[in-house]
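Notes follow once the structure below has been shown.
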Amino acid sequence: GLPAALLTLPLELTVLYNSLLFTMGASDSAVKGEAERICQGLLSVLEAFGACGQDLSTEELWQKVLQEVTAEELQAPLHRLGALQAAWWLAAHRLGSTAGLFRLLSNTGDLGRACCTEGENELLSLLKAWQVPAEEASLPLVQSAEDLKEILCTTAAFLQGLQELEAGNFPTAFSLLQEAAGGFCSKRVLAQIYICLGCCAQRMGKPQTALQHLKRALQVDFQCLPALSHVAAVYHELGETDAELQALALLYEVLGEKTAAASSSPYFLIQTKLLVHTPILAFLLCHCHPSNHMSRPCCRVAGAVEYYLNVLALLQERLQQQVPRDGGSDLPRIPEVFLEAASALEQAGRHQDAITMCEEVISRTTDLIPRMLRVEERLEQTECPLPGAGLAGGLLSQKKERLCCLAWRAAGYLHQGWAWAMLGESKEAVTQFSRGLGDLLRVQLYGSGVEPKENLLPEVEVLQKIRLLSLVGRGTQFLELGRHKEALLDFQHGLQISPGDPAAASYLVQALWKLDRKQEAAAHWQKFSQSPPGEDGQQEGRQGRPFPLYLASSLKHAVFPHSESLARSIQDYLGTRSRDPLS
């Protein structure tokens, strides 16, 4: 509460500097409220000189203090506070304010750009040109201004590199990130910079350069999981399957370790990691789980099966009865991992193992599915901002979760149906397909009538696809059992769900042919032949959303295998009728 005095100001400003350093270091982030204490310190300096700056902005306050206060004993304390102010502004991405402050600290005024040669970054030039005043030995500092300067240079280069990377200016981003890599930072931050360099090089079409920087990231921090994930992605781009699988194997091994050894680095209260927080950095450092890579076509079926089983062994330790998870997680839902593993097992011919895998999903979701679920199927009807929207949103989210559980359970029966079909057990296959279809009857959809299905909820679209695949699957087994009329009904229902579906349409023609309703079969065949060609085993729905990976094997099983022979039979029949209309 005492008035500010010139004699004690150097000590007061030094105490403020150290205090702010401890506050930031303890909070592990740049605390916005603490920056106000810098302004209070500057106001105390002006008060000691009989000036006032209460109504000035922070930038204006700094300008007034540095232009009017020329006392030699205050230069070092003010410069230290200026460096701290720059740290707060960099953390807030206020690069222009930071550059303006260092023009004042370097006493360059409007000539600040003169020290920046053509093609050189202005902020980095100003930071490097800043001369830190000599510090008094009698005033101990918890972190020197020289160290803080180095950290500010690294942070400025890193931040601007990330900004240019996000803007798509890859050569400029690469240059700035290289500058940051040569700066003063911890091993962990250096590894992150190398990851960004690798990603930048990859986007510039230089995969080999990307690999070099990603490997440097691993050399600096051997447990840098995002680097391993990006290495696998680059090898995938190069088509080097074995190298990609090796990278994923190493990623799996590191993820399985209980603890991570901390990398040894010099400790400072103000560090680059405290000042650099951007969405693109968080995105680049979000390593993919090995299971996410298994959706890639380069992964061979046998290898995919092996990795899925490894991932499931890892998850089994933490698997609980309840399956909901935080929607922000990057990992796939646990039931989906089981179903994807079952799909891979089916494609590898391990049908009995696939059946066992699906039984795990079915048993764990039994208690999570209501007897009846009434849902609006169109997305646009659920997004109206009405009173009580928060409650409505919570109910919608709960219904979506139940739809997911229902889809997993129905998909489990779908996989079991196809697995039994592949084992030649058509009756058991029919039973499993029927169980899945019975579960799907629990959902009552409303809101669209007979209008074309636009803006469907993703969960509803997946359920409809599972129902279609189940009907086609059961219909094929009815054909195997000689129950052609029941097969025909299933294919007709399938076409009601997805008019023009190539598999359902082809099997419908085959069922009619087997029922000796050849004229009808030929008429349907001609109708479908004249329609726009669909795609067998299509991987996307009406809105262009990809279907879940766990449906991959079922989509392949549902493809009609006898298109050419059926077409020849019908063409022969039509040719005979044209020659002899009475036949």
Of the cross-linked pairs Lys485/Lys518; Lys465/Lys485; Lys527/Lys556; Lys128/Lys215; Lys465/Lys556, which ones have a Cα-Cα span greater than 21 Å in the structure shown?
Lys465/Lys485; Lys527/Lys556; Lys128/Lys215
Give me the distance in nm between label points sitting 7 Å out from Cα along the Cα-to-Cβ direction at Arg203 and Arg94, one decimal.
2.7
Gain in length, Gln519 to Met372, computed as 0.36 nm per residue apart minus the alpha-carbon separation, to one decimal in nm?
48.8 nm
With every protein chain kept in place and a 1.4 Å probe, the residues Phe158, Phe170 fall, from largest accessible area down, as Phe170, Phe158
Figure the gain on full extension for Leu423 and Glu72 (residue separation times 0.36 nm, minus the Cα-Cα span) and round it to one decimal in nm.
117.3 nm
What spacing in nm lies between the two simple spin-label points modelled at Arg568 and Glu401, each 7 Å away from Cα in the Cβ direction?
5.6
Rounded to 0.05, the calculated FRET efficiency for the beta carbons of Arg577 and Leu489 at R₀ = 22 Å is 0.25
With θ taken as phi - 60° and the coefficients 6.51, -1.76 and 1.60, list the Karplus ³J(HN,Hα) couplings across region 338-343 in order, rounded to whole Hz; mark glycine and proline as x.
4, 5, 5, 5, 4, 4
Classify region 1-107 as rounded, prolate or oblate from the Cα gyration tensor: take a ≥ b ≥ c as the square roots of its eigenvalues, call it rounded if a/c is under 1.5, otherwise prolate when a/b beats b/c and oblate if not.
oblate
Please list, in chain and number order, the residues 5+ apart from Leu373 or on another chain whose amide H is under 5 Å from its amide H, with Hs placed from the backbone.
Val443, Gln444
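The values are calculated or read from the model by the stated rules, or taken from the named source; none is laboratory data. What you are looking at is a predicted structure, and each value in this text was computed from that prediction instead of being measured. For neighbour counting, all protein chains shown are included, and Cβ atoms are generated from backbone atoms with ideal geometry for every residue, glycine included. Heads up: the accessible areas ignore ligands, DNA and RNA and are worked out on the full protein's heavy atoms, side chains in. Shrake-Rupley method; radii C 1.70, N 1.55, O 1.52, S 1.80 Å.
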